[in-house]
Every structure is written in C-alpha cells, then in structure tokens.
1. With GLU67, GLU54 as the choices, which residue is touching a strand residue (DSSP E or B) at 6+ places or on another chain (Cβ under 9 Å) and over 12 Å from LEU115 (Cβ atoms)?
2. Cβ contacts < 7 Å: first residue within 30 Å of GLU226 (Cβ to Cβ) and without any contact (Cβ under 8 Å) to a residue 40 or more places away in the chain, restricted to the range 175-197; second residue assigned to a helix (DSSP H, G or I) and of a type in the set (A, V, I, L, M), any location; separation 6+ or different chain. Result?
3. Go through the range 176-209 and give me each residue that's open to solvent by 20 Å² or more (accessible area, probe 1.4 Å) and charged (D, E, K, R).
4. When residues of the range 45-60 are filtered for being of a type outside the set (Asp, Glu), touching a residue at least 60 places away in the same chain (Cβ under 8 Å) and in contact with a Gly (Cβ under 9 Å, 6 or more places away or on another chain), how many remain?
5. Would you mind telling me which numbered condition in (1) over 20 Å from ALA94 (Cα atoms); (2) under 17 Å from the mean Cα position of the chain (by Cα) TRP242 fails?
6. Within the group LEU206, LEU181, LEU190, which residue is more than 20 Å from ALA143 (Cβ to Cβ), of a type outside the set (Val, Ile, Thr) and part of a strand (DSSP E or B)?
7. For the range 152-175, enumerate the residues that are surrounded by 14 or more Cβ atoms within 10 Å (Cβ to Cβ), part of a loop (DSSP other than H, G, I, E, B) and of a type outside the set (Asp, Glu).
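The values are calculated or read from the model by the stated rules, or taken from the named source; none is laboratory data. Please read all numbers here as calculations on a predicted model, not as lab measurements. Positions of Cβ are backbone-derived with ideal geometry, glycine not excepted, and every protein chain shown enters the neighbour counts. Calculation scope for accessible area: heavy atoms of the full protein, side chains included, ligands and nucleic acids excluded. Shrake-Rupley method; radii C 1.70, N 1.55, O 1.52, S 1.80 Å.
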Amino acid sequence: MTADPTPSPDGTTTTLALAQLEIEPGRVDSNVDRALDAVSRAAARGADLVALPELFNVGYFAFDRYERQSEPFEGETFTRLREAAADHGIAVLAGSIVEDVAATESVATPADEGLANTAALFDGDGDLQLVYRKHHLFGYESAESDLLVPGECVETAEIGPFTVGVTTCYDLRFPELYRRLVDSGADLVLVPSAWPYPRIEHWQTLSRARAIENQCFVATINGSGEFEDATLLGRSTVYDPWGVPIASSGDDPALVLADVDLDAVTAVRDEFPALRDRRL
C-alpha cells in the first residue's frame, strides 16, 4: 500500500519515499542508474526525502565484489546521488555503499584502512548532512563481519521538520542504538537494508518494536532481487510512532510514498509518555 502525499498547512509534514530497487549482484552501473531514476520519480511525485536500500550499487550478498567495487566516499556513486539531490531539490539517503576507507579524504573514518558499509544523507541542495557506517556487522552465514570494519559515530541531521537518524539492516536487532538516536532528538529513523527470506517475521516485528518503544517513525528500505544464496524479501515499510504500518510494499521493486507528520510524534509521546518513564 502507498499513502498519497498531501500538503501540510503548518510545515510539520514530510513526504517520504522508499525506493525498493531491483539490485543485480555486482552490476554497479545498472544499479546506480535505477537509483537515480528512483530519485527522479520520487521528486516528480512530490517527495521531500527519498531513501535507498543497503548496498544498492554492488548488492549485499555479492561478497566477492566488495573489494574491487569499493569506492572512496568521494567516489562516483555518492557524487552522482549528491548531484541528483541538488538537481531535483530532494533530500536523498544514499544508503549504502562499500566504502574504501583508506581512499576516503573528505570525511572522518573509523579506521585507517579496510572497507565499511557506509550511508550518506544529502539535503535538497546536495549538501552532506550525515554519514552513517553500519555498527553491527552480520556474521550468521555472512561474510560481512570478516570483510568490513564497523562504524563508530551515531549522528542525526535536520531534514525539513524532522530530526533524522540512520541505522542499517542488522542494527534493527540492537535496541540500544535506537535509544541513542532518540536521546539525540531523532523522531524519524531510516533503515536501509538487505533483508532476505525467510526471516519475514523478524523484519516486521523488529521494525515495529523499534517504532513502538521509541515513539518515532521508523522507515525500513529493503531491496528486491536474487543472489546466488539469498533472495531479498522487499516489504519496505513506514511505521508510525504507534508501530502501525502506514505504507508498505511487497517483494517486487516499488516506490513507497507516505506523509510523515512530526505532530504525530509529539501527540503519541504526550498521550503515552513511556520515554519519560524510563529509569535506565
């Protein structure tokens, strides 16, 4: 389902687009072209912010391609997405790429060498607002934890009326990370992911739980496509601060749009002040 964008008379609403892209393993040029097309289509439909999936350019499960298709932060993928954000006047979460940490020059890195799973948030002028490197690296039947270095910084950025935080895929299983974001003021958390079958219940339950317990919007952006040993399950979804899904997709490529209203966060936190009742 997709919510139709409606204008906000008081400036508290942002139209969010989740670009559930078809991702072909190792086909960086084709994958980036799809991402750029999604940015254009989201802008044409009135979105203020569009978010892309985890490792949308190389494909999460293409582990043998990570090193040779890694890029510095200033590489072609982020540069093209930054330019698209400015050209279309839309904020873009380019989440994420395999970053060559040693070759990166313009932003601080968590290590002197190695690779990282790195997302960048650009505003509608194409200016960098946030860098997030995946903190929790998956080890269960995955090579990610062997190939990448984890991120260290947890940042937020102001995009329209919202304070936005970013986490990535496996991070959903670690609620303390979301508490840090809420303590930093986050009221919208974007979660680029590459979540595979068969763990549909985990994907939906963890995402809803993070929204409910933090009383904020949580938007999960998954990919679509098949790899040698995995198939992405799609189901990109926007959850409101009650944990109710307000817009979602199936497992095919899709552009999911939803209006997210900051007043809804305030209303839920005022009506049911669980965050104020915290003791830890």
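1. On the way: GLU67 fails: over 12 Å from LEU115 (Cβ atoms).
GLU54 is the lone residue from the list that is touching a strand residue (DSSP E or B) at 6+ places or on another chain (Cβ under 9 Å) and over 12 Å from LEU115 (Cβ atoms).
2. VAL189/LEU181; VAL191/LEU172
3. GLU176, ARG179, ARG180, ASP183, ARG199, GLU201, ARG208
4. Of the residues in the range 45-60, 8 are of a type outside the set (Asp, Glu), touching a residue at least 60 places away in the same chain (Cβ under 8 Å) and in contact with a Gly (Cβ under 9 Å, 6 or more places away or on another chain).
5. Tallying (1) over 20 Å from ALA94 (Cα atoms); (2) under 17 Å from the mean Cα position of the chain (by Cα), TRP242 fails exactly one: (2).
6. Details: LEU206 fails: part of a strand (DSSP E or B); LEU181 fails: part of a strand (DSSP E or B).
Just a single option satisfies the conditions, and that option is LEU190.
7. If the condition is that a residue be surrounded by 14 or more Cβ atoms within 10 Å (Cβ to Cβ), part of a loop (DSSP other than H, G, I, E, B) and of a type outside the set (Asp, Glu), then VAL154, GLY160, PRO161, THR167, THR168, PHE174 are the ones that fit.
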